[in-house]
Amino acid sequence: MKNPEIKDFYINNKKKFKKLSIVSGILLAVFLLMAVVFYVLSYNQHLSYKVVQVNVISVDIANPLSKIDKDKVVVEYNGKNYEVENLMTNETLKYHTYLNSQKPADAYFANGRIFANVDGIRTTTVIGMIYFVFLFGTLILIFTTAILIGCVVEANKREKGIYT
C-alpha cells in the first residue's frame, strides 16, 4: 500500500460517510420531489402578460470572435426602448428579420419588461425561481450523494483489505 494514512482516513470515517450519504440521499429525494412539484406549479400558474407589437431597434448576434458574448435585441414599445429578455438563437434571428424588413414584431410585455417568449416570464416569477433553486440543488446533491456513496464503497474495500 502506498499511503496508509489514506486507508485510515476512509476506514476511520466510514460511519460518517454512511450517515452523510443517507442524509444526502434523503435530501436528494426531497429536492427532486420539490423540483417536480414546483415545475408543475410553474407551468400551471396564471401569468399576467400582454402580447405587444414592438419595433426592432437593433440586433447583436453573439460571436466568439468579437466582444459580443450573448445575443442582444433592443426594441421600442410605447416610445421606450427595452432589451428583449430570454432570447433563444432562433428568436434572435426572427428579430433580425424584422429589423431588416422594418415590420413590427410580436413580443411579450410583463412587469415592465419585454420577453421573447412566455417561458421567460414564467422563470421570473417567484414559483419559477424556487423551481430553479430546487433544480440546481438536485444537481448538486446528485454529485454529493455519488461521492459519498463512493467513499463508503472505498472504505468497505479498504477495510476488507482489497487494496493491500
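I want to confirm something. Restricting to the stretch 129-140 and keeping residues that are of a type in the set (Phe, Trp, Tyr) and in contact (Cβ under 8 Å) with a residue 12 or more places away in the chain, which single residue is farthest from residue 17 (Cα to Cα)? First the steps, then the outcome.
Of all residues in the stretch 129-140, those of a type in the set (Phe, Trp, Tyr) come to 131-132, 134, 136.
Applying the additional criterion that residues be in contact (Cβ under 8 Å) with a residue 12 or more places away in the chain yields 131, 134.
Working: 131: 29, 134: 24 Å.
Within the stretch 129-140, the match that is farthest from residue 17 (Cα to Cα) is 131.
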(message) Looking at (1) part of a helix (DSSP H, G or I); (2) touching a Phe, Trp or Tyr at 6+ places or on another chain (Cβ under 7 Å), which one does residue 99 not meet, given that it meets all the others?
(response) (2)
(request) Could you please find all residues in the stretch 149-164 being part of a helix (DSSP H, G or I), free of Cβ contacts under 8 Å to residues at least 40 places away in the same chain and not aliphatic (A, V, I, L, M)? (result) 150, 157, 160
(request) Determine if the stretch 77-90 includes at least one residue that is surrounded by fewer than 13 Cβ atoms within 10 Å (Cβ to Cβ), over 30 Å from residue 139 (Cβ atoms), small (Gly, Ala, Ser) and over 28 Å from the mean Cα position of the chain (by Cα). (result) yes
(request) For residue 120, state whether it is in a helix (DSSP H, G or I), crowded, with 18+ Cβ neighbours inside 10 Å and in contact (Cβ under 8 Å) with a residue 60 or more places away in the chain. (result) no
(request) Quick one: in the stretch 141-162, of everything that is β-branched (Val, Ile, Thr) and over 14 Å from residue 23 (Cα atoms), which residue is modelled with the lowest pLDDT? (result) 162
(request) From the list 94, 72, 103, pick out the single residue that is over 30 Å from residue 138 (Cα atoms), of a type in the set (D, E, K, R), surrounded by 17 or more Cβ atoms within 10 Å (Cβ to Cβ) and not assigned by TED's automatic domain parsing to the domain that holds residue 139. (result) 94
(message) Among the numbered criteria (1) within 30 Å of residue 14 (Cβ to Cβ); (2) at pLDDT below 95; (3) under 24 Å from the mean Cα position of the chain (by Cα), which one does residue 72 miss?
(response) (1)
(request) Residue by residue through the stretch 5-58, note down the ones that are of a type in the set (Val, Ile, Thr) and assigned to a helix (DSSP H, G or I). (result) 6, 11, 22, 23, 26, 30, 36, 37, 40
(message) Here is a check on your reading of the model: is residue 71 of a type in the set (Asp, Glu) and either in contact (Cβ under 8 Å) with a residue 40 or more places away in the chain or within 30 Å of residue 24 (Cα to Cα) (or both)?
(response) no
(request) Determine which member of the set 107, 146 is free of Cβ contacts under 8 Å to residues at least 60 places away in the same chain, assigned to a helix (DSSP H, G or I) and among the small types (Gly, Ala, Ser). (result) 146
(message) Test of understanding: among 133, 84, 126, 75, which residue is aliphatic (A, V, I, L, M) and farther than 27 Å from residue 39 by Cβ?
(response) 75
(message) Given the options 30, 52, name the one that is at pLDDT 95 or above and either within 30 Å of residue 154 (Cβ to Cβ) or in contact with an Asp or Glu (Cβ under 7 Å, 6 or more places away or on another chain) (or both).
(response) 30
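The values are calculated or read from the model by the stated rules, or taken from the named source; none is laboratory data. As the structure is a computational prediction, the values presented were derived from the model and not from experiment. Quick reminder, even Gly has a Cβ in these numbers, built from the backbone with ideal geometry, and neighbours come from all protein chains shown.
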